[in-house]
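Below you'll find the structure, written out as structure tokens, and then a few comments.
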Amino acid sequence: MTSMTLNAGAPVPAQDKTNSATDLTDKSATESTSVKQQAVKTQEDIAETVGSPFCDEAKLRMRNVNVFYGEAQAIHDVSLDIGRNQVVAMIGPSGCGKSTFLRCLNRMNDTIEGCRVEGDLTLDGEAIYGPKVDVVPLRARVGMVFQKPNPFPKSIYDNVAYGPKIHGIASRRAELDEIVENSLRRAGLWDEVKDRLDKPGTGLSGGQQQRLCIARAIAVSPEVILMDEPCSALDPIATARIEELIHELRENYTIAIVTHSMQQAARVSQRTAYFHLGKLVEVNDTETVFTNPEHDLTEAYITGRFG
Amino acid sequence: MQTPTLFALLLLLILVAYGTGFSRAIAAARSSGGIRSLASLPSYYGVHTALWCGLPALIILGCWLVFDDAIIRAMVMGSIADKPESIAGQNLLYAQIQNLAAGNLVGNVTPQLQDAAAHLESLRASGRWMQTALILILSIGLGAYAFLRISPEMRAREKVEKVLRIILLACACAAIFTTVGILLSVLFESLRFFQSVPVTEFLFGLHWSPQMALRADQVGSSGAFGAVPLFTGTLLVSAIAMFVAVPVGLMSAIYLAEYAGKKVRSVAKPLLEILAGVPTVVYGFFAALTVAPFIRDLAQSMGLQASSESALAAGLVMGVMIIPFVSSLSDDVINAVPQSLRDGALGLGSTKSETVRKVVIPAALPGIVGGVLLAVSRAIGETMIVVMAAGLAANLTANPLESVTTVTVQIVTLLVGDQEFDSPKTLAAFALGLMLFISTLILNFIALHVVKKYREQYD
Amino acid sequence: MTDLTQSNLTQKEVRERIESRLASRHRKEKIFRGFGIASIAFGILAVVVLFTDIISKGSSAFVQTDIELNVTYDPAVLGIDTVDDESLAWANFDAVIRNALRERFPDVSGRRDKRELYSLVSNGAGFELRERLQQNPELLGKTETLWFNADDDVDTYVKSLSKSEEGFLGRTSEQKAGWIKSLLATGELEKRFNTTFFTNGDSREPEQAGIRAALMGSLFTLLVTLALSFPIGVAAAIYLEEFAPKNRWTDLIEVNINNLAAVPSIVFGLLGLAIFINFFELPRSAPLVGGLVLTLMTLPTIIISSRAALKSVPPSIREAAMGMGASRMQVVLHHVLPLAMPGMLTGAIIGMAQALGETAPLLMIGMVAFIVDVPHGITDPSTVLPVQIFLWADSPERAFVERTSAAIMVLLAVLITMNTCAVWLRKKLERRW
């Protein structure tokens, strides 16, 4: 129970939350005693994020973010910048709050009852959670790709055209056709589906579906794309294609990607953020994180001692 | 022996059989090394013996009770030389004989009738005697057989469980028997109806007036059985009902599933469901005494001619009745649409209503259509509201302010009161019942199929 | 911004187009939401209107205007000397009532006026007197003060007075209204709790009509329904959920059950008429036949809910018992069934509530007959509460409208109690696995 008094900077977590957090640590630690010692020891060090969480030309700027689900706190005092046209990977064990954090960036957490977000989040200097902010154009600027491919039960064409249609982006049919084609091309799907645009999107393979979802997201010309474990439901070949795609998209978009796979983070991102129990432990260049992590917890995670 | 006495005796025998079976099993166990040497627990031997003792006897007793009147009647009527031709005449004669046998017929008693009554009495007496003898012999004999077969090696439990399983299966088959019963009862009488009224006239005739005059020379003595006005009336009322129920039910379901918070939902949902629990006769009363006069007055104040029993009143109230039905079915299918689809749409910047209209509803459409079809089948088959509020006049009209009649109203009118099963008037009700059964069957079948396919899609 | 898509649209143009449509999209959103709220409001409004309408129409039926009279059991007037069954059968009790009324209003003369005077009291008053004398033979020749039901016209008039419909007379003449007012002034006319409504059977006279017979009929019918549908339904559910092999026969049973749940109730009435009454020659109008028909009707409901209850018992319980060497049947009877019982009972109560409110199929099997006597068994001719409501709803008298609504209130009260019980049972006995 020593951990409770240690992070003085952060709001005092509820009693039961602390218990479960300790339990979690204990559970993962039972595998080897050395890890247990390490986990307990490093608890005190999470108080401050190590590495370089901030950058100069930030597209998204988050300061002191706290997220609560009802009474329970899911994110503790996280500050992070995501630079323009940069890919930032967020890694960490299950339930560490990385997905929750991602969903704050385009206010998808609004759809969850009892979810409360505190702190300053800005997109190009504009507050994301400002009282007058309309989530509709915000989400058009900050697109999202989900863990499980979720194409609408419509045709491939309609899936991609959905965003432009609701936002009224295309004024003519030809314009819409062009947007659909461009988006599918950028998602690397055009050649595979150009002959069956009127077939249902749910009929595609898993990897194709996820690329369709990416095409759907870029069809509204977003500035930022959030990806929530986009490859977790895909086989290695499909995963490789998506990673290639992320590589290409980086030229034009700012991308934040949550992933379970450290190899993936290493392959696609420039910066990597390591989350642990709702806290941001370390942010650094991807290379630094994977070759020379500053924090013991990060090292323990990337060397596979828990996760 | 009277049947109740016999029944009581049989129950007693069953108890005795259980007791003796139980104790014999224990005795058998003692001689062969304790309870453990038995293949089953002693109580199973008891139940096994009791089943042998009681079950066949009960089945035979049941059959006897069902058929014995008919057999005795056939024997009595068979012995009478000159009996009337018509079924009604025969019924009357037999009723006379029964009354005479019971000793409450006064009036002109012919010797022939006297003989028949005596015959009936003697048949009944011997029938009772035979019944008692048969049941007791069967029960004791089979009970004794099972009792004697008890041995430690006998697998009593398996045998008992086998019988139980068969009983369970028989109960499950009740649904099939019911369907067959419905089909047989409406089909049989409908065929008799179609012998006197051609199917084509019934299905395509435009005039309905089933009242048969007493004398053949009166006006309209033949009755007219063209059911088209009933079908249109039913469709008109159902259409009005669906016009109310579908938008209101669907929108409430959408609001409750997509917009309302937990608190609103926990209050509004049970409140709406009250509407589903109100008996139809209450809706009928409400429609006839409150809504219909209100609509009539309203129409008159707008200068329209309205009947006091209008299709609109019945349809509106029926619509209100069906709202919770549509809303709970839609609620189910809307909730079955995966959250990931909503997230996908919201993540692209859709408003909530765009998400609902363009993604959730299209995805849930098959389920919603299935639910609406079930609701239509309910509206078509709904009886009390239309009986009390829609009227009897078989008008061929599409004006909702006029009085119309429906298939169910006519079934009730034709069958309440005196029934003559040899007149087309009574039989017509069964033909209408057949139409009703077939149309709702088709609707239900399609609806259940669509809903099932929809469920599988997201499972 | 760079030209992101290779299309002709710049990101800025896209942003502008989105912005330009935002207002109209948010307006549509509000309208859509408004429709949702309006729909819920409509549904709730319907509930409120329905209940206030019924209650405002029916609550006055729970009181009944009674008249206080001094009656003398004068043997001369009654025309009897001794109190025995035979003499009571033709004794003139109505004359006793008439004498009492004439005594109260001595200055009424003329045949028409007298007849009008006599019509103040319900014509069931004579029967009440007869019963009283039969039970207390020593009253013969004595005088006592008793309260009698007033006639329904008097009742209607008195109730309209309190509703301040001053001008309303209904079928009451000015003269009669005068008598009523004088009786009211002396306290000889009073509104009292309407016990008749709960103790009598049906009657052509509204003031003597009650729901006792219908309630008993409903009770007997429900008992038959429960005794048949619950065991059969549970057995069928057990078979389908625990034993049924996956084959076409099982599929057929399932399809049948689902379909029967949606067959119009009146069709079950046709089945009852053709099979139970015409073929098996069971008695008409009897709760036995009504119960049989309602059994067939509620079976699908009970089977479906019982299966849901069985499904909710986790497989681990079955596996545990099976692992101890119990047979399939023992597992079900000893472990699964007791755990599923609360859910099954809830389903049964809901099925019974459905059966209690059902009218249409019972009309087919003759439960619509005019029945005054309270039934004493499942083969006595009887009616049920919803059918009684249906019958009364047809009567034009204002007093019957009031009684119909009151009967509806009783029916709804019973139904609400049953459903509350079901909800309570579910909450109380529900287990979370």
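Would you check if A:GLU282 is touching a residue at least 12 places away in the same chain (Cβ under 8 Å) and assigned to a loop (DSSP other than H, G, I, E, B)? No; evaluated as a whole, the condition is false for this residue.
For region B:410-428, filtered to residues that are at the interface with chain C (Cβ under 10 Å from one of its Cβ atoms) and at pLDDT 90 or above, the residue that is farthest from B:SER196 (Cα to Cα) is B:VAL412.
Kindly establish whether B:ARG378 is assigned to a helix (DSSP H, G or I), out of contact with any Pro (no Cβ under 7 Å at 6 or more places or on another chain) and more than 12 Å from chain C (Cβ to nearest Cβ). For B:ARG378, the condition - assigned to a helix (DSSP H, G or I), out of contact with any Pro (no Cβ under 7 Å at 6 or more places or on another chain) and more than 12 Å from chain C (Cβ to nearest Cβ) - is not met. From the residues in region A:156-174 that are part of a loop (DSSP other than H, G, I, E, B) and surrounded by 20 or more Cβ atoms within 10 Å (Cβ to Cβ), which one is nearest to the other protein chains (Cβ to nearest Cβ)? My answer is A:ILE169.
Taking the criterion of being in a helix (DSSP H, G or I) and within 21 Å of B:VAL450 (Cβ to Cβ), would at least one residue in region B:294-314 satisfy it? For region B:294-314, residues in a helix (DSSP H, G or I) and within 21 Å of B:VAL450 (Cβ to Cβ): absent.
Yes/no per residue for (1) of a type outside the set (Asp, Glu); (2) facing chain B (nearest Cβ under 9 Å); (3) within 21 Å of the chain's Cα centre (by Cα):
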{"site": "C:ALA262", "(1), (2), (3)": "yes, yes, no"}
{"site": "C:SER265", "(1), (2), (3)": "yes, yes, yes"}
{"site": "C:LEU273", "(1), (2), (3)": "yes, yes, no"}
{"site": "C:PHE276", "(1), (2), (3)": "yes, no, no"}
{"site": "C:VAL289", "(1), (2), (3)": "yes, no, yes"}
{"site": "C:VAL293", "(1), (2), (3)": "yes, no, yes"}
{"site": "C:ILE303", "(1), (2), (3)": "yes, yes, no"}
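For region C:115-219, the helices (runs of 4 or more DSSP H) that sit wholly inside it and include 3 or more residues that are small (Gly, Ala, Ser) and at pLDDT below 85 are C:174-186. Can you confirm whether region C:237-248 contains a residue that is among the charged types (D, E, K, R), at the interface with another protein chain (Cβ under 8 Å from one of its Cβ atoms) and over 18 Å from B:LEU432 (Cα atoms)? No, every residue in region C:237-248 fails to be among the charged types (D, E, K, R), at the interface with another protein chain (Cβ under 8 Å from one of its Cβ atoms) and over 18 Å from B:LEU432 (Cα atoms).
Residues that are in contact (Cβ under 8 Å) with a residue 60 or more places away in the chain and either more than 18 Å from B:ALA125 (Cβ to Cβ) or more than 14 Å from every other protein chain (Cβ to nearest Cβ) (or both) were ranked within region B:61-91; the one that is surrounded by the most Cβ atoms within 10 Å (Cβ to Cβ) is B:LEU61. A single member of C:LEU294, C:LEU282 is part of a helix (DSSP H, G or I) and assigned by TED's automatic domain parsing to the domain that holds C:ALA369, and it is C:LEU294.
Checking region A:144-155 against the condition returns a match, with at least one residue being in a strand (DSSP E or B) and within 11 Å of chain B (Cβ to nearest Cβ). One residue stands out in region A:175-198 among those that are more than 28 Å from the chain's Cα centre (by Cα) and surrounded by fewer than 16 Cβ atoms within 10 Å (Cβ to Cβ): the one that is farthest from the other protein chains (Cβ to nearest Cβ), namely A:ASP195. Reported count of residues in region A:206-231, each being part of a loop (DSSP other than H, G, I, E, B) and under 15 Å from A:ASN159 (Cβ atoms), is 2.
For B:LEU365, the stated conditions do not hold, so it cannot be described as facing another protein chain (nearest Cβ under 7 Å), outside any loop (DSSP other than H, G, I, E, B) and free of Cβ contacts under 8 Å to residues at least 12 places away in the same chain. Just to be sure I understand, how many residues within region A:97-124 are under 20 Å from A:VAL145 (Cβ atoms) and not aliphatic (A, V, I, L, M)? So the count comes out to 12.
Inspect all residues belonging to region C:42-65 and state whether any of them is more than 9 Å from chain B (Cβ to nearest Cβ), in contact with a Pro (Cβ under 8 Å, 6 or more places away or on another chain), exposed (fewer than 13 other Cβ atoms within 10 Å of the Cβ) and not small (Gly, Ala, Ser). Looking through region C:42-65, none of the residues is more than 9 Å from chain B (Cβ to nearest Cβ), in contact with a Pro (Cβ under 8 Å, 6 or more places away or on another chain), exposed (fewer than 13 other Cβ atoms within 10 Å of the Cβ) and not small (Gly, Ala, Ser).
So that you can scan it fast, the table gives a plain yes or no per residue for (1) under 35 Å from the mean Cα position of the chain (by Cα); (2) in contact (Cβ under 8 Å) with a residue 12 or more places away in the chain; (3) surrounded by fewer than 16 Cβ atoms within 10 Å (Cβ to Cβ):
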| residue | (1), (2), (3) |
| --- | --- |
| C:LYS114 | no, yes, yes |
| C:SER119 | yes, yes, no |
| C:GLU138 | no, no, yes |
| C:THR145 | no, yes, yes |
| C:ALA150 | yes, yes, no |
| C:VAL158 | yes, yes, no |
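All conditions in (1) crowded, with 23+ Cβ neighbours inside 10 Å; (2) part of a loop (DSSP other than H, G, I, E, B) hold for A:LEU234, with the sole exception of (1). Considering only residues in region A:109-127 that are of a type in the set (A, V, I, L, M, F, W, C) and touching a residue at least 60 places away in the same chain (Cβ under 8 Å), the one that is nearest to the other protein chains (Cβ to nearest Cβ) turns out to be A:LEU123. Does region A:204-220 contain at least one residue that is surrounded by fewer than 18 Cβ atoms within 10 Å (Cβ to Cβ) and either more than 9 Å from chain B (Cβ to nearest Cβ) or under 28 Å from A:GLY83 (Cβ atoms) (or both)? Yes, that holds for at least one residue.
The values are calculated or read from the model by the stated rules, or taken from the named source; none is laboratory data. Source: prediction; values computed, not measured. Neighbour counts are summed over all protein chains in view; Cβ atoms, including those assigned to glycine, are modelled from backbone coordinates with ideal geometry.
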